[in-house]
Every structure is written in C-alpha cells, then in structure tokens.
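Shown next, in structure tokens, is the structure this report addresses.
The values are calculated or read from the model by the stated rules, or taken from the named source; none is laboratory data. All of these numbers come straight from a predicted model, not from anything done at the bench. With ideal geometry, Cβ positions are generated from the backbone for all residues, glycine too; neighbour counts draw on all protein chains shown. Side chains included, ligands, DNA and RNA excluded: accessible areas come from the protein's heavy atoms. Shrake-Rupley method; radii C 1.70, N 1.55, O 1.52, S 1.80 Å.
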Amino acid sequence: MPGTSFSYDFSSKVYTGKTSFKTGVFINNEFRDGSEGTTIDIMNPVTGGVLTQISEGTAQDVDTAVQAAKAALATTWGLKCPGAKRSLLMNKLANLMEEHHDELSALEAVDVGKTFNWAKNADVAAAIATIRYYAGWADKILGQVIETTEAKLAYTRHEPIGVVGQILPWNFPLLIMCWKLGPALATGNTAVIKPAEVAPLSCIRMCELIVEAGFPAGVVNMVTGYGHTVGTAITAHNGIEMVSFTGSTFTGGKVMENAANSNIKDVTLELGGKGPCIVLEDADIDKAANWAAFGVFWSQGQVCCAGSRIFVQESIYEKFIARFTQVVRSIKAGDPFGESIWHGPQASQQHFDRIMGYIQSGKDEGATVAVGGNRIGTEGYFIEPTVFTDVNPNMRVVKEEIFGPVAVVLKFKDQADAIRQGNDTEYGLSAAIFSENITKAIETAHQMQAGMTFINCNVSPECQVPFGGIKKSGIGRELGEYALRSYYTVKAVHVNLGLEMNIG
Ligand code: NAD
C-alpha cells in the first residue's frame, strides 16, 4: 500500500460528506508508491496551502503499467472479453459514479477550485453520462462485409489498438478522463492514464471505483506524476500503440514528436483555443450577453473551447456592452462550496500568475478595463472576471490563449467582417454565433474555421456529439461515435470461396 492518502471532511453548506482514499500509482488494480518513493504536493486553490500528497510516478512505473496493460489485453480484456461484458462493467462503473456523485464533485471543487454545484451538475453528471453512452457502444463495434467477387468473402474486424496512453489536463480532470476512457474501454483497449499533477484527486478516486465495479486487473492503470517524466515516458514507450492527449498546443507538439520517434504511435490531440463569440445585430441581446458571459467565465475561464474573443456588430455595440458588463459584474466569487457562488479560484499559483501577467499586458498595451482586472483578496488564486474593451488584434490578450476569466470585446461592421475577424487566429476549436435569423446564423456557422460551432448557445458539449478542433487546436475527435475510430484498428480478412491457383 502506498504511503500517501487523502482524507477530507467537507464541512460546508452544500456538501458535508467525507472522503478517504490512497493516492498512489495504480497498477494491476492496486495502489503503490512510485518506484523512487517521492511525492508531489497537491495545493488547495482557495488558501494556497498544501491539501495533500500524491505518489510521484516514474518512467519505470510507466513500464510496469504497460506490462500490466499488455497482460490484461492477452488474457481478460480486448478480444478475450465480449463487448456485452465490457458494457456491463462500464454500466456498473457509471452506477458507482452515481452513488459517489457528490463526493466526486466535492473532489473537483477542492482540488481544481470549481464550484461544487457546477462540478456536480456539469462535470460529474457529464462524466457519468459519457461512461454510460460508451457502455452502449461496447457491443456495437461492427466491421463490414465487403463485396468483391463471387469467389471471395471479404470482411473487416474493428479490433482494439492495444495499450493506449491517456494524458489529462487539470481543468476537467474526471470529465476528460471519462471522455478518453469511455471509447477506449468500449472498443476493448487497456489504458495507462496520467492525470495532471495539478489536480489528480477525482481521477485517483475513480480508480477505486474501477476495482469495485469488477474490471480485471491491468485494464486501467494510472501513473500519477509530472509531464516531463511520466508524460514523456508514455509518449515514448514502444509498448503503447496510441496516445490521446489533452493539454496545451506546445506540449501537443512534443507528444507528436515522441510518438513519431518511438513506434510511430497514433495520436489524438485536444489542444488550445481562442474561440470567437459573434453577436450579430439581430441577436436577442439579453440572451446573447448571458451566454457570452457563460462562454468565457464558466469554470474560471479554464475551458479550452471558451469564447474569449467577443465580436459585436457596431450597430448594437453600446447596448450589448451595457448588458454584458452588468451580467459580468453580477458574478459572485468566493469559496467553491458557497451556495450561490459562481466563480471560484484558478487551479494553481502558476496559472494564477500567468493570467495576472496577461491582465497586466492588456493594461500596458492600452486596452480599457471595463470590468475587473485585479486579484480578489490576498489569499488563494482568485481573479476578478475581467472584460477588456478598446482592444486591437495585435494585443497579446486578443491573440493568445489566456485560459482564464478574461474577455476581450471587439466590433465588426457586417457578417463578412465578423467571419474574417473571427477566423483570424491560429486556433480552430470552437465558435459561437448569436442571431435570431437562423439562416444567417447557420450561414455564418458554416464559414467558421472551427471544429465546433454553437448557435445561440455557448460551450455546451454533449457526449453524443464530436468534440475537437482544427488548425493548432488539435487532431482527431473525442465524444460521439467519431471518437471510437481513434481506438480501433481495421483488419481486413480475405476468404477464398473457390478461386483456384495453379502454378506450373
Ligand atoms: P499542459 O500541456 O501543460 O499539460 C497537460 C498534460 O500534459 C498534463 O497532464 C501534463 O503533466 C502533461 N505534460 C506536460 N508536459 C508533457 C510532456 N512533455 N509530455 C507528455 N505530457 C506532458 O497543459 P495544461 O496547462 O495542463 O492545460 C491547459 C491547456 O490545455 C490549455 O492550453 C487548454 O486549452 C488545453 N485544453 C484543451 C482541451 C481540449 O479538449 N481541446 C481541454 C482542456 C484543456
């Protein structure tokens, strides 16, 4: 058993339960210390103090996890386990997550700084729905029978890729773990997962539920640790056939490099974004202002598909800004467990510093702070929801992904101008369009260079609908039927039904 563990009594208004679990490296359904016995401090974003410790995994632990995952594939999982059984286990896991819904939500709140209510109603609810959705797919992974000639039967099998690596970010730890684990398990792969070192607690707790659900040892393994050690070891390991990564564009490049330089493993990358949120003059201003605020400030702005560049048609600019800033000023910040709190702290000191640096750069480059612009209090990582106006496209706050509660608002003349400005970014993850003229909204949506476009809503993915980006926002899709394609390999089988071969 590992030396590290986490016990917490959530004595708060909205959740009063307790939690207690081991925080080691998880291999073969058991927790253990990392091979070097070192630990990583996990910080409390509300106070900036140490919350607990987790085991620090190593490259050696990754190798041990890969061996366990390979053994499971050869004996109890993959082609050895019928899809119907995989489905049953996944549904059991979803049931257990439901039983522990509040506890998992509280873990996201205490570790990431998300408000408990949002963690419960959005993150964890969607994580459970995702596991259930893919449980439904597990016995529907179908190949094709392909017509060639009368003398041949040809068909395909959609076989598991093998051991897959899954590297997670800290902004939606449990949800993104389920986005990756769902399709991987449904298609019969085994996994070596690395949660982010900033916020791994809900993912580690999930490993206990995986054991309780009855998954065979070695099917899911988790090596906690740093990106430059554990992450690199996963991307470079020759026994891992595919890596699914969510994180920054910079790290995504390194993942591709290691994948190419090892065994040419497949990669899917969900990377950064700087989404445009376009408000056309025929939008319902009140609805658009609320959705625009949600799109950029939800989850403290730490959302890859955030609509952080808000473009407003000149004719309604003043009206929109008045309503939008009113909505932003009404956002209540404070302890994530507070009943009416909407806005918690950022996830880490490092990230807090980075965002404050961006806010300073906006001020230095001459943008107007219409709302916010400061830290909140003196303790923890709280930042005011911030709105910049009078910005230009060359400012860092307009060009670069801040990944925090910072919106920039720009004007446009007409639909064509909105599309041009909206697409003027190296990213291509998501876009949002607001208009009561549905034809115009759809026309605009179709011209956005983005993997996803929301019309009259914002940042609301669904587990049935593909999620992912183009340009520097990534490769491949998560969620929906499309995500399954990343997790199976297609084997063609040719059966001779009578063609003679006579040589000599
Ligand atoms: P990050 O790239 O620093 O870290 C992401 C994960 O990669 C962490 O687990 C980290 O430990 C690991 N990692 C770091 N260096 C590594 C390396 N060399 N090799 C392998 N793994 C390594 O990103 P972050 O700061 O944790 O997350 C924020 C970024 O993630 C933002 O840019 C955001 O847009 C992006 N993100 C994208 C999506 C999406 O679906 N598109 C979702 C969430 C976050």
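Taking amide hydrogens as placed 1.01 Å from N in the peptide plane, the amide H of residue 411 sits under 5 Å from those of 312, each at least 5 positions away in sequence or on another chain. With respect to the chain, whose longest principal axis is taken over its alpha-carbon atoms, helix 101-112 is tilted by about 60°. Of 492, 246, 386, whose Cα points farthest to the positive end of the dipole of the chain (charges on the beta-carbon: +1 Lys, Arg; -1 Asp, Glu; origin at the Cα centre)? Of 492, 246, 386, it is 492. Accessible surface for residue 205 stands near 20 Å², nearest 10, in the context of the full protein assembly shown (1.4 Å probe).
Electrostatic tally near residue 8: other residues with Cβ closer than 14 Å to its Cβ, Lys and Arg +1, Asp and Glu -1, net -2.
Sequentially through region 487-498, phi angles give Karplus couplings (6.51, -1.76, 1.60; θ = phi - 60°) of 10, 10, 10, 9, 9, 9, 10, 10, 10, 7, 9, x Hz, Gly and Pro residues having no value and appearing as x. For the chain, the extents of the C-alpha atoms along the principal axes are 84, 59, 39 Å, listed from largest to smallest. Local charge for residue 87 was computed over the other residues whose Cβ lies under 14 Å away, with Lys and Arg +1 and Asp and Glu -1, and equals +4. Using only protein heavy atoms and a 1.4 Å probe, report how much of residue 92 is accessible, in Å² to the nearest 10. Approximately 100 Å² for this residue. Extents of region 8-96, taken as max minus min of Cα coordinates on every principal axis and listed largest first, are 48, 36, 17 Å. Amide H contacts for residue 337 (H built 1.01 Å from N in the peptide plane; partners 5 or more residues away or on another chain; cut-off under 5 Å): 116. Of the accessible area of the chain, computed with a 1.4 Å probe over protein heavy atoms only, carbon and sulfur atoms account for 51 percent. Longer than 32 Å from Cα to Cα, which of 180/363; 254/413; 85/114; 180/413; 319/440 are they? Say none if no pair is. The pairs that break the limit, which is 32 Å between Cα atoms, are 180/363; 254/413; 85/114; 180/413. Dividing the Cα radius of gyration of region 276-455 by 2.2 N^0.38 Å, with N the residue count, gives 0.98. Other residues lying with their Cβ under 15 Å from the Cβ of residue 351 contribute a combined charge of -2, Lys and Arg counting +1, Asp and Glu -1.
Averaging Cα coordinates gives a centre for region 304-335 and one for region 421-472; these two points are 18 Å apart. Ordered by 1.4 Å accessible area with all protein chains kept, 434, 337 run largest first as 337, 434. Using the average count of surrounding beta-carbon atoms within 10 Å as a protection proxy, the listed peptides 146-158, 440-452 rank, highest first, as 440-452, 146-158. Given contacts defined as C-alpha pairs under 8 Å and at least six residues apart, what's the relative contact order of the chain, whole-number percent? That works out to 17 percent. Across region 276-455, the mean sequence separation of Cα contacts (distance under 8 Å, 6 or more residues apart), normalised by length, yields a relative contact order of 28 percent.
Under the convention that each Lys and Arg Cβ holds +1 and each Asp and Glu Cβ holds -1, the size of the dipole of the chain around its Cα centre is about 420 debye. Bridge orientation summary for the chain: considering DSSP beta bridges with both residues in this region, about 50 percent are antiparallel. Annotation: amide H of residue 191 within the under-5 Å range of 164, 220, 221, sequence separation 5 or more or interchain, hydrogens built in the peptide plane.
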